[in-house]
Amino acid sequence: MGKNLTKRSEDYSKWYNELVVKADLAENSAVRGCMVIKPYGYAIWEKMQAELDRMFKETGHQNAYFPLFVPKHLFEAEEKNAEGFAKECAVVTHYRLKNDPDKPGKLMVDPDAKLEEELVVRPTSEAIIWNTYKNWIQSYRDLPIKVNQWANVVRWEMRTRLFLRTAEFLWQEGHTAHATKEEALQETELMNDIYAEFAENFMAIPVVKGSKTENERFAGALETYCIEALMQDGKALQAGTSHFLGQNFAKAFDVKFATKEGGLEYVWATSWGVSTRLMGALIMTHSDDNGLVLPPNLAPIQVVIVPIYRSEEQLEQISEAANKLVKDLRAVGVSVKFDDNDNQKPGWKFAQYELQGVPVRLAIGPKDIEKGTVELARRDTLTKEFVKNEEVVEKVKALMTEIQESLYTKAKDYRDSHITEVDNFEDFKKVLKEKRGFISAHWDGTPETENKIKDLTKATIRCIPFDRKEEAGACVLTGKPSEGRVLFAKAY
């Protein structure tokens, strides 16, 4: 099955699209630009959700849910936010259909059912949430509010790609309210750190933490922090963002609180989010020409056991050994599936689980029963070995950690070897064309230069790294003074 995939070296984009479909992760739907996330793909997303949800709650956040629809007057209250999302908005204008008198059996929009005010299908929820917070916040005693919601959003994309860019996608969005600027900034940084920890410890993806330029900031934010990852094709992918909103939304929705000293002040705000785009990052960081490669911490099935037999008697013996193994592996926290489905042959199963990225495959046949062994195959290295029955559980348990760390190290080595310092624009263009990856270069700090570089090369400033060296230099394009290097790349 994996052999049917286009090779990454031939056409990376085609390889990605084929893999998403053939590995049963997602498919295009009848609605243009929208996707169906299939059970296997959704199982991975559920594991992501579970870990992130745990991390949010451990840092004092609670889940809530807010309406899908935002009245237009609320959406346009914060002008920068409204302007930033206006071109991507889906808008509800009517509330009823009726039978079409000219086309029997067909429906039409009822012209008499026009809404008094249009409803925006949420592209993000700041407007509806801050209108709600106005009712929740009167005093410093009501702060902080730390709320997250798991939801879907709609941003009307014309050019779509499964997981990476779809008209509707799933995400979480945190929205917090604070009494002081310092507290809100700490929250913004904390959530960016949580995203980085999740990406590295669970997704096995190394990330660069930094801040966005003014051009790249979230519409309505004073600061946007981000984590940037590098895919195998040398393109960057923004894997998470955390925004310091200042008092912009509090002022737009008149959200004030009585201070301890008896004064009245506007609330300070943050918002932060990650989406099903992380699925795209996971696929493009680790997978190969044979299919998906999943880190054990996010694999829905960490181990699959495949029986090899010719008779019912052999299957009975193998099943007894396999079921004991299932029980023992689950007892040490390993998720395992015994695939005794007789509709498919072992070779088909091997190819299917390889395509779907199951970290470890165990095969048991009659000779293995005689010898007291199992065949163990690793998905990440495609290596096989025979392991004694009494050693299998400990071996597999150790492999979960080893594979997780190995995938991270491999991705980090690739990322680190694809951060290239350049000092002139000719080298900038050469690296971008021949090597790709992140380009570390000086920038004069102006939006004009940033836009000019983007127009000339399609590369954008991915972030201003938090850990960059503050060093004087000359802008790679204009030669004007620069305070430090930033990371450029072509991006998804």
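The values are calculated or read from the model by the stated rules, or taken from the named source; none is laboratory data. Bear in mind that the values here come from a model prediction, so they are computed numbers and not experimental data. Cβ: placed from backbone, ideal geometry, glycine included. Neighbour counts: every protein chain shown. Side chains are part of the model used for accessible areas, which takes the heavy atoms of the whole protein and leaves out ligands, DNA and RNA. Shrake-Rupley method; radii C 1.70, N 1.55, O 1.52, S 1.80 Å.
What ³J(HN,Hα) values, in whole Hz, does the Karplus curve 6.51 cos²θ - 1.76 cosθ + 1.60 give for segment 125-130 when θ = phi - 60°, with x put for Gly and Pro?
10, 3, 5, 5, 6, 6
Based on the mean of other beta carbon atoms within 10 Å per residue, what is the order of 75-84, 240-249, most packed first? Can you show the working numbers first?
On the way: 75-84: 18.0, 240-249: 24.0.
Those peptides, ordered most packed to least, come out 240-249, 75-84.
Express the relative contact order of the chain as a whole percentage, based on alpha carbon pairs under 8 Å and six or more residues apart in sequence.
On the way: 980 pairs, mean separation 68.9, N = 492.
Relative contact order for the chain comes out at 14 percent.
Given 0.36 nm per residue, what is the gain on full extension from Glu197 to Gln344 after removing their alpha carbon distance, in nm? Write out the running numbers ahead of the final one.
On the way: separation 147, 0.36 × 147 = 52.92 nm, distance 3.98 nm.
Result for the pair: 48.9 nm of gain on full extension.
What is the calculated FRET efficiency for Asn17 to Lys469, with r their C-beta to C-beta distance and R₀ = 45 Å, to the nearest 0.05? Intermediate results must be reported in sequence, preceding the final value.
On the way: r = 40 Å, r/R0 = 0.88.
Working from the Cβ atoms, E equals 0.70.
Please arrange Arg468, Arg436 by accessible surface area, largest first, computed with a 1.4 Å probe and ligands excluded.
Order by accessible area, largest first: Arg436, Arg468.
Taking loop as defined by DSSP and a crowding limit of 15 other beta carbons within 10 Å, which chymotrypsin sites (Phe, Trp or Tyr not before Pro) in segment 1-65 fit?
On the way: sites: Tyr12, Trp15, Tyr16, Tyr40, Tyr42, Trp45, Phe56, Tyr65; in loops: Tyr65.
In loop regions of segment 1-65 (DSSP not H, G, I, E or B), the sparsely surrounded chymotrypsin sites (Phe, Trp or Tyr not before Pro) are Tyr65.
Would you mind checking Lys22/Lys410; Lys410/Lys469; Lys22/Lys349 for any pair whose Cα atoms are more than 21 angstrom apart?
Values: Lys22/Lys410 25 Å; Lys410/Lys469 25 Å; Lys22/Lys349 14 Å.
Lys22/Lys410; Lys410/Lys469, as the Cα separations exceed 21 Å there.
If packing is taken as the average number of other Cβ atoms within 10 Å across a peptide's residues, how do 122-133, 381-392, 20-31, 439-450 rank, most packed first?
Packing order, densest peptide first, comes out as 122-133, 439-450, 20-31, 381-392.
What is the angle, in °, between the Cα long axis of helix 312-331 and the longest principal axis of the Cα atoms in the chain? Nearest 10 is fine, range 0 to 90.
Orientation of helix 312-331: about 40 degrees from the principal axis.
Any idea how far apart Lys458 and Lys87 come out in nm if each label point goes 7 Å out from Cα toward Cβ?
Between Lys458 and Lys87, the label points sit 1.7 nm apart.
Out of all Cα-Cα pairs in segment 9-66, roughly what percent, to the nearest whole number, are more than 15 Å apart?
On the way: 1075 of 1653 pairs.
Everything past 15 Å amounts to 65 percent.
Counting pairs of Cα atoms in segment 25-134, how many percent are more than 22 Å apart? Write out the running numbers ahead of the final one.
Working: 3566 of 5995 pairs.
Tail of P(r) above 22 Å: 59 percent of Cα pairs.
Relative to the longest principal Cα axis of the chain, at what angle does helix 12-22 sit, 0 to 90 degrees, rounded to 10?
In the chain, helix 12-22 runs at an angle near 70 degrees to the longest axis.
Residues in segment 413-436, backbone N under 20 Å from the label point at Glu448 (7 Å along the Cα-to-beta-carbon vector): list them, ranges by number please.
It comes to 425, nothing else.
Can you give the calculated 222 nm mean residue ellipticity of the chain, where each DSSP H run of n ≥ 4 adds -39,500 (n - 2.57) and the sum is split over every residue, rounded to the nearest 500 deg cm²/dmol? Don't skip to the end; give the middle numbers.
Working: 14 runs with 175 residues, N = 492.
Dividing the helical sum by the residues of the chain leaves -11000 deg cm²/dmol.
Going by amide H atoms built from the backbone, whose H comes under 5 Å of the H on Trp443, apart from near neighbours?
Val476, Glu483, Gly484, Val486
Please give the length that would be gained between Lys103 and Glu10 if that part of the chain were fully extended, namely 0.36 nm times their separation in residues minus their C-alpha to C-alpha distance (nm, one decimal).
28.5 nm
Using a 1.4 Å probe on the protein chains only, how many percent of the accessible area of the chain belongs to carbon and sulfur?
Details: 11270 of 23600 Å².
Solvent-exposed carbon and sulfur of the chain make up 48 percent of the total.
Across segment 179-297, how many lysine pairs, 8 or more positions apart or on different chains, have C-alpha atoms separated by under 29 Å? Please give the number.
Step by step, the pairs that qualify in segment 179-297 add up to 10.
Highest mean first, what order results for 215-228, 100-113 on Cβ atoms within 10 Å?
On the way: 215-228: 22.0, 100-113: 9.9.
With the highest mean Cβ count within 10 Å placed first, the list reads 215-228, 100-113.
Suppose each label sits 7 Å from its Cα in the direction of the beta carbon; what would the Arg310-Lys327 distance come out to in nanometres?
It is 3.0 nm.
If amide hydrogens are placed 1.01 Å from N in the peptide plane, which non-local residues have theirs closer than 5 Å to the one on Ser287?
Close amide H contacts, sequence-distant or interchain: Val293.
Rounded, prolate or oblate: which fits the chain, taking a ≥ b ≥ c as square roots of the Cα gyration tensor eigenvalues, rounded meaning a/c under 1.5, else prolate when a/b beats b/c? Working shown, then result.
Working: a/c = 1.78, a/b = 1.45, b/c = 1.23.
Taking the square roots of the gyration eigenvalues as a ≥ b ≥ c, the chain is prolate.
Extending each Cα 7 Å along its Cβ direction at Phe69 and Glu405, get the distance between those two points in nm, one decimal.
5.5 nm
Once the Cβ-Cβ distance between Leu190 and Glu76 is put in as r, and R0 is 41 Å, what FRET efficiency do you end up with, to the nearest 0.05? Before the final figure, lay out each step's value.
Working: r = 31 Å, r/R0 = 0.75.
About 0.85, to the nearest 0.05.
Return one whole number: the accessible area per residue of segment 388-492 in Å², for a 1.4 Å probe.
On the way: 5780 Å² over 105 residues.
About 55 Å² of surface per residue is accessible.
Where only protein heavy atoms count, and the probe is 1.4 Å, what is the accessible area per residue for segment 36-184 in Å²? Spell out each step's value before the answer.
On the way: 7980 Å² over 149 residues.
Computed with neighbouring chains in place, this is 54 Å² per residue.
Over what distance in Å are the Cα centres of segment 131-169 and segment 446-462 separated?
29 Å
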